[in-house]
Amino acid sequence: MNRFFKSLFITIVYLFLYLPVAIFIIYSFNNAKFSSMWNGATLHWYRVLFSDIPLLIVTGHSLVIAVLAASMATFVGALGACALFRYRFFGKKLLDGLIFVLIIVPDLVFGISLLVLYVTLKIQLGFWTLLLAHITFCLPFVVVTVYGRLDGTDKNILEAAKDLGASDYLIFKRIILPLMIPALIAGWLLSFTLSMDDVIVSFFVSGPTYQILPLYIYSQIHVGITPEINALCTLIFVFTVTLVLASRFLLKGTSKN
Amino acid sequence: MMSDRIFKRFSVGVLTIWLLVFALLPALLVVCGSLLIQGEDNFFSWHLTIQNYVELFSADYLYVFLRSFYLAGLTVLFCLLLGYPFAYIVARMPAYLKPILMFLIILPFWTSSLIRIYSIIVIISAQGLLNRFLLWLGIIHQPLQLLFTQGAVLIGLVYSLLPFMILPLYANLEKFDWRLIDAARDLGANKFRVLAKIVIPITIPGIIAGIILVLLPAMTMFYIPDILGGAKSLLLGNLIKNQFIEARNWPFGSAISVMLTVIMGFLLLVYWRFTTPRSRKDLV
């Protein structure tokens, strides 16, 4: 009986989390506009989607920002995580604190603080302001992921390499980097998904010259979302899940060797 | 070696400079901005004042603040009621199932949060799935009016923030030594006593971490009341957003934001008191 209630409870939580996902996927095949009634299955909205150039451009913008932000955040974050792992330096506590606070600070507070920065420095809102913001909010997650991976490493390996005459750069390239690779991939994927889905920060730091998908959807919500957007989100969802599962599968292969 | 020094400087420097410029500096600018007044053609005008903070404590804003806090508090409560038993049950599952079950918690979050919130409308609207289901069951005889109420916003907030409660709780419960429970049972404690005296006290850091990760976003996710709720100024987040976008009173918006940060600082202080440096990892 106890087991039954446990399974029931877990099922209800999953149902709660997955029902909205299931609904937007199902409605992307619905043969009706704006209707919450089921009207038969169709691929019509997928066809509409692929001929809607403005929507595809906006999606492209989002992908460009997400890929660039994830890559940049992974680069800076990995380098930073190594520094935090290897060296003692002035201001390390402050850096630790900043990373911690950046992770838990509400997006809204972060978004307006960047807006104030950009306006103070008189930087026009657009592609660059958006990219810099996305890199910054992804950065701490990469640092934490990579640092977590390095933290368990035996530092004696590094000492041994040093005794044998390896330079810091060589140690980084030959020891630390190979160790980090699973964390780099995990950090990159996390950053990619965070960037693709961000509404709040982007809302404040983007300009009319460079619109991204979440803000486009946000602007459409009061008018009503067409199944075309459901179709687009379904495709992005499938794409992301495939990406993550593939990377997990590949990593499992390498960790065994 | 010379190149080693350069490498160290470079790896330390890039992250430090990045965070100083894009995290610390903006935060300081907001604090400064909150002490100024609204300019005519600039967003800030150089008059030092604490007027913005005084205004925060006027009845109107205090009301918004309390309402926001109340709704965020309810969100935390429901997240705990759903999340704690969930994390507990999963933590006691066989080892091979745990990663899959936790993976399934994160999976829905790889889609646009806006679309998922919008889907909730389809569920709770007057002719929506929920009402049709309840009518069919015969529990209700007239459709419930959920959409555009506080209840709808609450559902949206709990939906969006539940994983942020489950993840730290699970991280905490996963390390729990279940032999403690057997020991207590052997000594004659009943189930509730075990829960109240052992399980909950040991997982307090996870609970506080979850509260921090849910409470603050719950006050600031302005798009959820925008989509699901009728009243626009339901949350503190909507108030801040309006000050920046519509009212164009940036100093006042900054002041509200600083106040939110102060609340965050206070919660962190509580968290610090209840944790050791090692266990703090669960928060992130």
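The values are calculated or read from the model by the stated rules, or taken from the named source; none is laboratory data. Note that the structure is a prediction, hence the values are computed from the model and not measured. Positions of Cβ are backbone-derived with ideal geometry, glycine not excepted, and every protein chain shown enters the neighbour counts.
Worth pointing out:
- Which listed residue is crowded, with 19+ Cβ neighbours inside 10 Å and in contact (Cβ under 8 Å) with a residue 60 or more places away in the chain, from B:Trp250, B:Trp178: B:Trp250
- Unique residue being within 9 Å of chain B (Cβ to nearest Cβ) and farther than 29 Å from A:Val146 by Cα when the list is A:Thr209, A:Thr226, A:Thr234, A:Thr240: A:Thr234
- Each residue in the stretch B:89-105 was checked for being more than 9 Å from chain A (Cβ to nearest Cβ), surrounded by fewer than 18 Cβ atoms within 10 Å (Cβ to Cβ) and touching a residue at least 12 places away in the same chain (Cβ under 8 Å), and 1 of them qualify.
- Residue check for B:Leu169: under 20 Å from B:Ile212 (Cβ atoms) and in a helix (DSSP H, G or I): yes
- Boolean, A:Tyr14 is among the hydroxyl-bearing types (Ser, Thr, Tyr) and closer than 30 Å to B:Tyr88 by Cβ: yes
- Filter result for the condition that a residue is touching a residue at least 24 places away in the same chain (Cβ under 8 Å) and more than 17 Å from A:Gly60 (Cβ to Cβ), over A:Leu170, A:Leu245, A:Leu150: A:Leu150
- Within the stretch A:208-227, the set of residues being surrounded by 15 or more Cβ atoms within 10 Å (Cβ to Cβ) and more than 21 Å from A:Val64 (Cα to Cα) comprises A:Gln220, A:Ile221, A:Ile225, A:Thr226, A:Pro227.
- When the residues of the stretch B:38-76 are filtered to those that are surrounded by 17 or more Cβ atoms within 10 Å (Cβ to Cβ) and at pLDDT below 85, the one that is farthest from A:Ile103 (Cα to Cα) is B:Gln38.
- Residue selected from the stretch B:145-204 under the condition over 17 Å from the mean Cα position of the chain (by Cα) and among the polar types (S, T, N, Q), by the criterion farthest from B:Leu80 (Cα to Cα): B:Gln145
- Residue in the stretch A:171-192 that is facing chain B (nearest Cβ under 10 Å), part of a helix (DSSP H, G or I) and either among the polar types (S, T, N, Q) or surrounded by fewer than 17 Cβ atoms within 10 Å (Cβ to Cβ) (or both) present: no
- Where helices (runs of 4 or more DSSP H) fall entirely within the stretch B:1-67, those with at least 3 residues that are over 27 Å from the mean Cα position of the chain (by Cα), farther than 22 Å from A:Val109 by Cβ and at the interface with chain A (Cβ under 9 Å from one of its Cβ atoms) are at B:2-19.
- Just one of the listed residues (B:Leu147, B:Leu213, B:Leu154, B:Leu173) is touching a residue at least 60 places away in the same chain (Cβ under 8 Å), under 20 Å from B:Pro99 (Cα atoms) and among the aliphatic types (A, V, I, L, M), and it is B:Leu173.
- Among (1) more than 28 Å from A:Pro214 (Cα to Cα); (2) exposed (fewer than 15 other Cβ atoms within 10 Å of the Cβ); (3) not acidic (Asp, Glu) - the single one B:Gln127 does not satisfy: (1)
- Check on B:Tyr118, farther than 26 Å from A:Phe239 by Cα and among the hydroxyl-bearing types (Ser, Thr, Tyr): no
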